[in-house]
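Every number in this text was worked out from the coordinates using simple rules, so none of it is lab data. Keep in mind that this is a model prediction, so the values were computed, not measured. Cβ placement follows ideal geometry from the backbone for every residue including glycine, while neighbour counts extend to all protein chains displayed.
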Amino acid sequence: MGNIAAINRQVVEMIRERYSVEDELGLLRTGPSDEAAAYSDYVEDCKAWGRDEKAKLSRT
């Protein structure tokens, strides 16, 4: 379970490297835009990485 929590923290850290909480809130308030789409794509990539890492744990 500890490894899963570490992966979850890494996902958040990856997102924070590019977007602050304030950036995220601003993008969510402004609605659809190219910047909001780029943010969403990046977050989904980070989450996919986290899912892949967690799946590796279950295989070992």
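Points to keep in mind about this one:
- Pairwise FRET efficiency - Thr30 versus Asp52, Cβ, R0 = 30 Å, nearest 0.05: 0.50
- Intensity falloff of the chain expressed as log10 I(q)/I(0), Debye formula with alpha-carbon point scatterers, at q = 0.14, 0.16, 0.24 Å⁻¹: -0.45, -0.55, -0.93
- Label positions at Glu22 and Ala6, each projected 7 Å from the Cα along the C-beta direction, are separated by 3.3 nm.
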